[in-house]
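Okay, so here's the structure we're looking at.
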Amino acid sequence: MTHPPDNRPRGKRPLPPKEAADWIVRHLRDQGFEALLAGGCVRDMLMGRPPKDYDVATGAKPLELLNIFRRTLKVGVQFGVIMVGDAGPWIEVATFRSDVHYSDGRHPDRVVFSTAQQDALRRDFTVNGMFYDPVTGEVIDYVAGQADLTRRVIRAIGRPSERFAEDHLRLLRAVRFAAVLDFAIEPHTWQAVVEYAPLLAKVSRERVLEELGRMLTSPGRTIGMRMLAESDLLPHAIPAVGQGTPWPLATIDLACRRLAALPADADLACSLAATLADLPPGRVDELAREMTCSNDLRKQLVWLIESLPRVRRQGDLSLADLKRLMASGWFDNLARLLHADLAARHQPLRPWQFLCERSEAIPPEKVQPAPLVAGDDLKALSITPGPIYKQVLDAVYTAQLNEQITDRDQALHMLRRLLADAGYSL
Ligand code: ATP
Ligand code: MG
């Protein structure tokens with residue numbers, strides 16, 4: 001097999017994504033193929049938002065793309081999707097296609113390569129169905145997406161019920177885009193979302209979490225949460241009570257008020273904790289597993305929700321307790337969650353202020369100091385290793401964190417006293 005000619009842009013640093021996508025479009029045109037920017041990037045450019053990525057759609061078939069470009073990844077050749085890296089960053093290049101028959105409620109059984117217009121019609125929402133020609137600066141709009149962008153509405157392309165019956169993930173995507181873009185959902189589309197909401201239960205938990213994550217990390221998270229509740233998607237997206245069992249209204253309301261009180265840039269752990277803070281920590285652990293959260297995310301969620309009542313009752317928190325919370329790496333999120341929780345309950349913010357003041361007064365080197373005594377000191381006292389090690393070392397370290405002891409002599413003295421109390425003769 002001969003290698004395609006090396007046509008990559010030369011003598012320059014890798015192009016930024018937008019220029020790389022433009023270069024791919026021009027290069028395909030030079031080879032006689034139709035090529036356009038497509039989907040989300042067109043929507044975002046028209047809205048003046050920075051696109052997350054730039055996708056190219058083209059009349060060139062996958063094999064032709066593999067011949068034209070040198071640096072390619074076959075990510076989804078059967079769907080006509082190839083990644084092209086010739087201009088630097090990887091850009092998704094997809095052949096214009098129509099999707100044929102969905103039997104699993106999520107993916108087309110097969111695709112047929114088609115025209116730009118057919119490709120627009122297979123997309124989910126009108127605002128996501130536009131093309132842009134970077135050579136002429138023209139928007140190519142077969143689905144009246146520009147009008148909906150101006151009206152700020154999410155409208156399914158074609159018959160909403162058919163589109164949601166084909167691919168049930170679109171139910172959640174409708175809410176995600178409405179929340180992230182601060183758009184309304186057009187009434188017929190909304191009616192179909194409500195009607196088909198239970199079908200979300202059939203979609204893989206990973207994809208549900210991905211869309212949910214995009215929604216919860218955007219400043220529109222509260223509107224999104226309310227739409228999830230109103231459409232009945234919520235118990236399928238987050239089965240907190242049980243798969244498909246509606247959440248109690250008071251819980252939804254408190255969750256929404258907590259979300260509304262979070263800083264705009266709150267991350268997924270913080271916003272998901274704000275959503276789930278009324279559940280017992282054990283249930284949060286189970287739910288996070290069901291939702292396929294990563295171990296890191298699950299552990300942080302459980303820790304945040306477990307720690308919240310402790311920081312709410314500020315008086316009970318010793319200096320050592322506070323330092324241990326600060327050493328977790330998740331303390332900033334705990335402070336944000338506490339603030340949001342108090343604000344949501346219309347309670348005084350004093351516990352949050354107190355937590356911030358106390359933590360700010362602790363110098364970083366005092367948060368997690370090296371222990372003054374260790375296992376070797378117990379060995380030197382001829383203590384047989386066992387549970388007593390952890391018991392006494394933890395107690396001495398707590399005293400160290402509480403600044404009740406400040407040097408090694410004091411620590412050794414305390415160690416001996418604790419051992420004597422436990423019945424060891426030294
Ligand atoms: P974002 O900026 O969040 O990435 P996006 O619109 O680019 O938004 P993607 O999930 O990256 O969303 O999908 C890219 C494009 O592919 C969409 O704009 C849409 O045209 C089409 N698309 C994606 N998922 C679906 C789907 N489930 N059904 C139909 N079309 C879809
Ligand atoms: Mg995208």
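Structure data summary
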{"read-out": "Any hit, region 115-123, residues being outside the structural domain of Glu162 (by TED's automatic domain parsing), closer than 30 Å to Arg152 by Cβ, within 11 Å of ligand 1 (Cβ to nearest atom) and in contact (Cβ under 8 Å) with a residue 40 or more places away in the chain", "value": "yes"}
{"read-out": "Matching residues in region 121-144 - criterion: being part of a loop (DSSP other than H, G, I, E, B) and within 28 Å of the chain's Cα centre (by Cα)", "value": "Arg122, Arg123, Asp124, Gly129, Met130"}
{"read-out": "Any chance Ile154 is more than 10 Å from ligand 1 (Cβ to nearest atom) and touching a residue at least 40 places away in the same chain (Cβ under 8 Å)", "value": "no"}
{"read-out": "Number of the condition not met by Glu162 [criteria: (1) in contact with an Asp or Glu (Cβ under 7 Å, 6 or more places away or on another chain); (2) surrounded by fewer than 18 Cβ atoms within 10 Å (Cβ to Cβ)]", "value": "(1)"}
{"read-out": "Those residues of region 165-190 which are in a loop (DSSP other than H, G, I, E, B) and surrounded by 16 or more Cβ atoms within 10 Å (Cβ to Cβ), in sequence order", "value": "Asp167, His168, Phe183, Glu186"}
{"read-out": "So Ala264, is it part of a loop (DSSP other than H, G, I, E, B) and open to solvent by 50 Å² or more (accessible area, probe 1.4 Å)", "value": "yes"}
{"read-out": "Scope region 350-367; condition surrounded by 13 or more Cβ atoms within 10 Å (Cβ to Cβ) and outside any helix (DSSP H, G or I); matching residues", "value": "Ile362, Val367"}
{"read-out": "Any hit, region 218-240, residues being under 21 Å from Val302 (Cβ atoms), in contact (Cβ under 8 Å) with a residue 60 or more places away in the chain and crowded, with 19+ Cβ neighbours inside 10 Å", "value": "yes"}
{"read-out": "Count of region 194-206 residues which are open to solvent by less than 60 Å² (accessible area, probe 1.4 Å), of a type outside the set (A, V, I, L, M, F, W, C) and touching a helix residue (DSSP H, G or I) at 6+ places or on another chain (Cβ under 8 Å)", "value": "2"}
{"read-out": "Extreme residue, nearest to the chain's Cα centre (by Cα), among residues of region 10-46 that are within 14 Å of ligand 2 (Cβ to nearest atom) and among the hydrophobic types (A, V, I, L, M, F, W, C)", "value": "Cys41"}
{"read-out": "Contacts under 8 angstrom Cβ, first residue in region 16-39 being at positive phi, partner open to solvent by 10 Å² or more (accessible area, probe 1.4 Å) and assigned to a strand (DSSP E or B), 6 or more apart", "value": "Gly39/Asp55"}
{"read-out": "Which listed residue is closer than 26 Å to Leu172 by Cβ and open to solvent by 50 Å² or more (accessible area, probe 1.4 Å), from Arg97, Arg152", "value": "Arg152"}
{"read-out": "Given (1) free of Cβ contacts under 8 Å to residues at least 60 places away in the same chain; (2) in a loop (DSSP other than H, G, I, E, B); (3) open to solvent by 10 Å² or more (accessible area, probe 1.4 Å); (4) more than 13 Å from ligand 2 (Cβ to nearest atom), index of the condition Leu63 fails", "value": "(2)"}
{"read-out": "Every residue from region 18-60 that is in a helix (DSSP H, G or I) and β-branched (Val, Ile, Thr)", "value": "Ile24, Val25, Val42"}
{"read-out": "Enumeration of residues in region 19-35 that are open to solvent by 10 Å² or more (accessible area, probe 1.4 Å) and within 13 Å of ligand 1 (Cβ to nearest atom)", "value": "none"}
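The values are calculated or read from the model by the stated rules, or taken from the named source; none is laboratory data. Computed from a prediction, not measured in an experiment: that's the story for all the values here. Cβ sites come from the backbone with ideal geometry, for glycine too, and all protein chains shown count toward neighbours. Areas reflect the complete protein model, heavy atoms only, side chains present, ligands, DNA and RNA absent. Shrake-Rupley method; radii C 1.70, N 1.55, O 1.52, S 1.80 Å.
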